[in-house]
Amino acid sequence: MDISILKKEVIQYSKQIGIDKIGFTTADVFTELKERLRRQQELGYQSGFEKGTIEERTEPRRLVPEAQSIIAIAVAYPSRMKNAPRGTKENRRGIFCRASWGVDYHVVLRERLEKLANYIKEKVPDAVTKSMVDTGELSDRAVAERAGIGFSGKNCSIITPEFGSYVYLGELITNIPFTPDKPIEDSCGDCRKCLDACPTGALVQGGQLNAQRCIAFLTQTKTFLPDEFRDKIGNRLYGCDTCQQVCPRNRHVDFHHQTEFEPDPEVAKPLLKPLLKISNRTFREKFGSMSGSWRGKKPIQRNAILALAHFKDKTAVKDLIEVMREDVRPEIRGTAAWTLGKIGTEEAFAAIEEAIAYETDERVIYEMEKGLQFRRND
């Protein structure tokens, strides 16, 4: 088999199965990434969601000993929602980040990588392949950058010339020695719009992210959200798009040709109050097919409560009181109490004072006291 011909055939086939961009690189060690990951680990900047050791994340042959090449793919997703519903004072809405719109991209990209692997194995029966999307050991961004998919921007996203940074990434390790493609030159220049716009200062410097401060990470946690971030979360239920939205490379970028990623407006931008008491079954039925549901309903509910605090939504007071009194989860009860104080009606303060008398969880009591402090500060 002529490898150069096979490469052209793989590229052509990738277009037929809905892959927007494809690139090839070697299976060599990601030396620079290894040093960067070690530094991130030392600084405590990792999210904790990373899979594998630093060696496994930077040495492809630890995953596939026969590895010769890595095929990187990119699939575009929309940046704008058609017929987006507008919230009102009586019916406020939250928002899921664009990368969570439509069908879970892990599912979609894995299916396309599986088709690609099967195609390669039809051509080369003894081909060895291993694919991964986001949750694998390899860094999708590092692979995509070296394979020429795009350059790694200051916002820590891969920025493609065609689709900006609104792309999902995946890769396929193989034992076939494809000719590698050339990386794309970094084009951020002196621009620092993403650095200046980051709500929490999570972008420490161009290309360096403190994941512990990143709203995209914080919205996925299940504990009490640290106080300093509560006013920063806005109405975000999952993820954060700020550093992508302000990027000049994303201006006028909006692709809707991948139908799986077309958002259902009522799911991607749902009403907040119904989320407070949503059952597990209803949550799975409504949100289960999107990537933003992977941590379950608890983080989404906590974020919805904080979004109501952001809006100071007085119409939600009765619902929040019920949650504070009856929810079995301390993080939800406590966050509801804090939000009631933030909203600041007399009914809200009276309910906190009543509930604090029989609350037994010290963490919830602490949140109740912080809620009552809003009245003292007025």
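Throughout, read-outs are computed from the coordinates displayed, never taken from laboratory work. These numbers were taken from a predicted model, which means no experiment stands behind them. Heads up, the Cβs are rebuilt from the backbone with ideal geometry, glycines too, and the neighbour counts pull from every protein chain shown.
By the Cβ distance rule (another cysteine Cβ under 4.7 Å), the unpaired cysteines of the chain are C97, C156, C188, C191, C198, C214, C240, C247.
Need the list of lysines near K182 for cross-linking: C-alpha distance under 17 angstrom, and skip anything on the same chain fewer than eight residues off. The reachable lysines, counting only those whose Cα sits under 17 Å from K182, are K7, K8, K21.
Across region 345-360, rounded Karplus estimates of 3J(HN,Hα) from the backbone phi angles (6.51 cos²θ - 1.76 cosθ + 1.60, θ = phi - 60°) give 7, 5, 4, 5, 5, 5, 5, 5, 4, 5, 6, 5, 5, 10, 6, 10 Hz, Gly and Pro being marked x. In the chain, the longest principal axis of the Cα atoms and the axis of helix 330-343 are about 60 degrees apart. Using the Karplus relation 6.51 cos²θ - 1.76 cosθ + 1.60 with θ = phi - 60°, the per-residue 3J(HN,Hα) values for region 58-75 come to 10, 10, x, 6, 6, 8, 9, x, 8, 4, 10, 9, 10, 9, 9, 10, 9, 10 Hz, with x marking Gly and Pro.
Would the chain count as rounded, prolate or oblate if I go by the C-alpha gyration tensor, calling it rounded below 1.5 in a/c and otherwise prolate when a/b exceeds b/c, oblate otherwise? It comes out prolate by the Cα gyration axes.
Near C240, the amide H atoms lying under 5 Å from its own belong to A216; only residues 5 or more places off or on other chains count, and H is placed 1.01 Å from N.
With the alpha-carbon atoms as the only input, what is the per residue convex hull volume for region 210-309 in Å³?
Hull volume normalised by residue count: 122 Å³.
Computed log10 I(q)/I(0) for region 300-378 at 0.12, 0.13 Å⁻¹: -0.25, -0.29, from the Debye equation with unit scatterers placed on every C-alpha and solvent omitted.
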